[in-house]
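Below is one structure, written out as C-alpha coordinates; comments come after it.
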Amino acid sequence: MSGPNGDPHVLGGGTSDDDGDEGGDSFEEEEYAAINSMLDQINSCLDHLEEKNDHLNICLKELLESNRQTRLEFQQQSKQLNTGADVQGSQPPA
(Lines give C-alpha, C1' and ligand atoms only; values in the text may rest on other atoms or scores of the structure.)
Protein backbone atom coordinates (compact mmCIF):
# COMPACT_ATOMS: atom_id res chain seq x y z
CA MET A 1 0.00 0.00 0.00
CA SER A 2 1.25 3.49 -0.73
CA GLY A 3 0.71 6.80 0.90
CA PRO A 4 -0.19 9.94 -1.07
CA ASN A 5 3.45 10.50 -2.09
CA GLY A 6 4.06 6.91 -3.12
CA ASP A 7 5.78 6.19 0.18
CA PRO A 8 4.83 2.92 1.83
CA HIS A 9 2.12 3.22 4.42
CA VAL A 10 3.27 1.39 7.53
CA LEU A 11 0.70 0.40 10.11
CA GLY A 12 1.27 1.10 13.78
CA GLY A 13 3.25 4.25 13.09
CA GLY A 14 4.40 6.73 15.66
CA THR A 15 7.33 6.77 17.98
CA SER A 16 7.67 4.16 20.65
CA ASP A 17 8.25 5.04 24.28
CA ASP A 18 11.50 4.12 25.96
CA ASP A 19 9.40 2.32 28.56
CA GLY A 20 7.99 -0.31 26.21
CA ASP A 21 10.35 -2.32 24.05
CA GLU A 22 7.51 -4.61 23.01
CA GLY A 23 5.83 -1.75 21.14
CA GLY A 24 9.05 -1.22 19.17
CA ASP A 25 9.28 -4.92 18.33
CA SER A 26 5.69 -4.90 17.15
CA PHE A 27 6.37 -1.89 14.99
CA GLU A 28 9.43 -3.57 13.46
CA GLU A 29 7.46 -6.73 12.76
CA GLU A 30 4.70 -4.75 11.07
CA GLU A 31 7.29 -2.79 9.09
CA TYR A 32 9.01 -5.98 7.95
CA ALA A 33 5.66 -7.52 7.06
CA ALA A 34 4.77 -4.45 4.97
CA ILE A 35 8.17 -4.54 3.23
CA ASN A 36 7.80 -8.27 2.55
CA SER A 37 4.34 -7.69 1.13
CA MET A 38 5.64 -4.97 -1.19
CA LEU A 39 8.55 -7.17 -2.28
CA ASP A 40 6.12 -10.00 -3.01
CA GLN A 41 4.03 -7.65 -5.16
CA ILE A 42 7.13 -6.43 -7.00
CA ASN A 43 8.26 -10.01 -7.55
CA SER A 44 4.83 -10.93 -8.89
CA CYS A 45 4.88 -7.97 -11.29
CA LEU A 46 8.37 -8.88 -12.48
CA ASP A 47 7.29 -12.50 -13.07
CA HIS A 48 4.32 -11.25 -15.08
CA LEU A 49 6.57 -8.95 -17.15
CA GLU A 50 9.01 -11.80 -17.75
CA GLU A 51 6.18 -14.01 -19.03
CA LYS A 52 4.99 -11.24 -21.37
CA ASN A 53 8.55 -10.68 -22.56
CA ASP A 54 8.99 -14.40 -23.29
CA HIS A 55 5.70 -14.44 -25.21
CA LEU A 56 6.69 -11.37 -27.23
CA ASN A 57 10.07 -12.91 -27.97
CA ILE A 58 8.39 -16.05 -29.34
CA CYS A 59 5.96 -13.97 -31.43
CA LEU A 60 8.78 -11.85 -32.86
CA LYS A 61 10.82 -14.94 -33.78
CA GLU A 62 7.78 -16.38 -35.57
CA LEU A 63 7.25 -13.08 -37.40
CA LEU A 64 10.92 -12.94 -38.38
CA GLU A 65 10.79 -16.48 -39.76
CA SER A 66 7.59 -15.71 -41.65
CA ASN A 67 9.16 -12.58 -43.17
CA ARG A 68 12.25 -14.55 -44.21
CA GLN A 69 10.07 -17.16 -45.88
CA THR A 70 8.02 -14.51 -47.69
CA ARG A 71 11.17 -12.72 -48.84
CA LEU A 72 12.65 -15.96 -50.22
CA GLU A 73 9.43 -16.73 -52.07
CA PHE A 74 9.35 -13.22 -53.49
CA GLN A 75 12.99 -13.50 -54.62
CA GLN A 76 12.28 -16.84 -56.32
CA GLN A 77 9.26 -15.40 -58.14
CA SER A 78 11.29 -12.37 -59.18
CA LYS A 79 14.09 -14.59 -60.56
CA GLN A 80 11.55 -16.69 -62.48
CA LEU A 81 10.00 -13.58 -64.02
CA ASN A 82 13.43 -12.18 -64.96
CA THR A 83 14.55 -15.51 -66.40
CA GLY A 84 11.34 -15.78 -68.44
CA ALA A 85 11.79 -12.24 -69.77
CA ASP A 86 15.41 -12.98 -70.71
CA VAL A 87 14.40 -16.13 -72.61
CA GLN A 88 11.68 -14.31 -74.53
CA GLY A 89 13.97 -11.38 -75.28
CA SER A 90 16.79 -13.57 -76.67
CA GLN A 91 14.57 -15.35 -79.22
CA PRO A 92 14.40 -13.80 -82.67
CA PRO A 93 11.02 -12.40 -83.65
CA ALA A 94 8.93 -14.72 -85.80
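Data overview
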{"quantity": "Accessible area in the full protein assembly, largest first, 1.4 Å probe, for D47, D40", "calculated": "D40, D47"}
{"quantity": "Per-residue SASA entry for H48, accessible area with 1.4 Å probe, Å² rounded to 10", "calculated": "100"}
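The values are calculated or read from the model by the stated rules, or taken from the named source; none is laboratory data. What you are looking at is a predicted structure, and each value in this text was computed from that prediction instead of being measured. Protein only, heavy atoms only, side chains kept; ligands, DNA and RNA dropped before computing areas. Shrake-Rupley method; radii C 1.70, N 1.55, O 1.52, S 1.80 Å.
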